[in-house]
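Following: one structure in structure tokens, then a few remarks.
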Amino acid sequence: MVSIAPSMLGADFGKMREAAELVAPYSSHLHMDVMDGHFVPNLTMGVDLVKALKGIAPLDVHLMVTDPLNFIDDFHEAGAEIISVHVEANNPREALERINEKNIKSGIAFNPSTSKDEIIPLLDFADMILIMSVEPGYCGQSFHENAIERVKFFKDNYPGKLIEVDGGVSTVNSAILNQNGADILVAGSAIFKSINPIETIKLMKQS
Ligand code: DX5
Ligand code: ZN
């Protein structure tokens with residue numbers, strides 16, 4: 001069954017712990033979006049915020065930063081159990097190797113506008129493929145349909161890799177992503193802007 005990683009960027013930052021505790025029993029991970037205002041035009045979460053949620057559920061840290069090598073040690077110490085870096089960032093291979101040295105899971109992320117071929121040489125160094133279904137930067141954008149065929153391609157050709165999908169995921173597209181082989185669905189707005197976040201998670205998991 002597919003598992004759900006709520007994107008905490010979609011939660012109310014004034015009630016972050018409460019939001020995390022609400023969704024954690026139904027979630028495999030809490031997805032933490034780290035942006036540096038350079039790789040993407042937005043600033044979001046730092047090490048201290050990630051550390052504040054340690055222990056509520058396993059933390060899945062998605063680095064949208066230009067130089068991920070500068071941040072891996074700190075986020076590992078903060079309690080990350082998965083760290084993903086972008087193929088479009090600097091030194092992705094070295095960053096994956098640094099993550100692997102920590103004995104936590106490593107993910108390679110790529111944008112909807114990036115060719116899927118770009119990540120293939122890096123797959124020997126990654127446990128997880130993070131298929132972006134929006135251009136990174138913000139919550140609440142609409143889902144890029146090319147993610148569906150990408151999920152199928154990587155599930156068929158690299159069955160040993162975990163597949164995570166991130167951006168615009170909701171009860172509208174969770175079933176097709178699940179059927180094509182996604183392992184982890186990340187969702188921010190769909191969960192935290194819904195009237196009943198727990199029901200929304202359950203619906204996405206059952207689809
Ligand atoms: C986008 C982030 C996503 C985002 C998901 O840059 O990586 O994790 O917060 O939010 P929704 O589900 O609202 O697209
Ligand atoms: Zn993300």
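In table form, for the structure just shown:
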item: Matching residues in segment 156-178 - criterion: being more than 14 Å from ligand 1 (Cβ to nearest atom) and touching a strand residue (DSSP E or B) at 6+ places or on another chain (Cβ under 6 Å); result: Lys161, Leu162, Ile163
item: Among (1) away from ligand 1 (no atom under 16 Å from the Cβ); (2) surrounded by 15 or more Cβ atoms within 10 Å (Cβ to Cβ) - the single one Glu94 does not satisfy; result: (2)
item: Selection within segment 35-80 - within 16 Å of ligand 1 (Cβ to nearest atom), more than 16 Å from Ala11 (Cα to Cα) and charged (D, E, K, R); result: Asp36
item: Qualifying position, being farther than 19 Å from Ser194 by Cβ and in a strand (DSSP E or B), among His62, His38; result: His62
item: Hits in segment 80-125 (condition: under 15 Å from Leu162 (Cα atoms) and touching a residue at least 40 places away in the same chain (Cβ under 8 Å)); result: Glu81, Ile82, Ser84, Lys105, Gly107, Ala109
item: Neighbours by Cβ (under 8 Å, 6+ apart or cross-chain): first from segment 6-18, without any contact (Cβ under 8 Å) to a residue 60 or more places away in the chain and closer than 23 Å to Leu63 by Cβ; second surrounded by fewer than 17 Cβ atoms within 10 Å (Cβ to Cβ) and small (Gly, Ala, Ser); result: Met16/Ala52; Arg17/Ala52
item: Identity of the residue in segment 106-126, out of contact with any helix residue (DSSP H, G or I) (no Cβ under 8 Å at 6 or more places or on another chain) and of a type in the set (D, E, K, R), that ends up farthest from Val47 (Cα to Cα); result: Asp117
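Every number in this text was worked out from the coordinates using simple rules, so none of it is lab data. Owing to the predicted nature of the structure, the values given are computational and were not obtained by experimental measurement. No Cβ is skipped: glycine too gets one built from the backbone with ideal geometry, and neighbour counts run over all protein chains shown.
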